[in-house]
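The numbers here are math on the coordinates, done by the rules we state, and not lab data. These numbers come from a predicted model, not from an experiment. Here the Cβ positions follow ideal geometry from the backbone for every residue, glycine too, while neighbour counts run over all protein chains shown.
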Amino acid sequence: MADCLFCQIVAGVIPATRVLESDRTLAFRDINPQAPTHVLVITREHYPNLAAAAQAGGGLLDELASQAQRVAEAEGVDESGYRVVFNTGSQAGQTVWHVHAHVLGGRALGWPPG
Ligand code: 5GP
Ligand code: ZN
């Protein structure tokens, strides 16, 4: 989608600090990090949210989850703990309508979220 920020990051039109890539996913650092580790794992194809990516099937969500774990390992937070968040809808704070997993770690994360 030409007007989608994350599709443009996939295409390389908008720069991002890439940390990991796989066939169907891309992981890059969030521009406004909320924790020492704050990486976004996205699908290369455009899906507006988690449910739409789930409907695509074919193991796409498994790949997202596996890549989130690999990001955590690369960042050294897999043992201390990390959080994976998919904001869905505006009241949950979704601002980019291309599915993305936030991978957060490197500090104690509060629960419940604010
Ligand atoms: P959401 O609010 O939709 O759950 O998450 C969108 C995330 O994308 C936010 O955490 C925001 O900081 C991040 N973001 C927005 N624009 C850019 C950008 O141009 N580059 C990068 N790397 N992250 C972005
Ligand atoms: Zn997109």
Distance from the stretch 100-114 to the stretch 1-39 (C-alpha centre basis), Å: 18 Å
Principal-axis tilt of helix 60-75 within the chain, Cα atoms, nearest 10 degrees: 40 degrees
Lys, Arg +1 and Asp, Glu -1 on Cβ, resulting dipole of the chain about Cα centre, debye, nearest 20: 220 debye
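Are there GluC sites (Glu not before Pro) in the stretch 1-65 that DSSP marks as loop and that have at most 16 other Cβ atoms within 10 Å, and which are they?
On the way: sites: 21, 45, 63; in loops: 45.
Of the GluC sites (Glu not before Pro), the ones in loops of the stretch 1-65 whose Cβ has at most 16 other Cβ atoms within 10 Å are 45.
Less than 14 Å Cβ to Cβ from residue 43, Lys/Arg counted +1 and Asp/Glu -1: what total charge do the surrounding residues give?
Numbers: positive: 24, 44; negative: 21, 23, 45, 62, 63.
Local net charge: -3.
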Hydrodynamic radius of the chain per Kirkwood, over alpha carbon pairs, in Å: 14.3 Å
Proximal charge balance of residue 8 [Cβ under 15 Å; K/R count +1, D/E count -1]: 0
Under the Karplus curve 6.51 cos²θ - 1.76 cosθ + 1.60, θ = phi - 60°, whole-Hz ³J(HN,Hα) for the stretch 11-17, x wherever Gly or Pro sits: 6, x, 6, 10, x, 8, 8
Under the Karplus curve 6.51 cos²θ - 1.76 cosθ + 1.60, θ = phi - 60°, whole-Hz ³J(HN,Hα) for the stretch 20-33, x wherever Gly or Pro sits: 6, 9, 9, 3, 10, 9, 9, 10, 8, 6, 5, 6, 10, x
Helix-derived mean residue ellipticity, 222 nm - over the chain, DSSP H n ≥ 4, -39500 (n - 2.57), to 500: -7500 deg cm²/dmol
Dipole axis of the chain (+1 Lys, Arg; -1 Asp, Glu on Cβ), positive-most option in 104, 49, 91: 91
Charge context of residue 53, other residues only, Cβ under 15 angstrom, K/R +1, D/E -1: -2
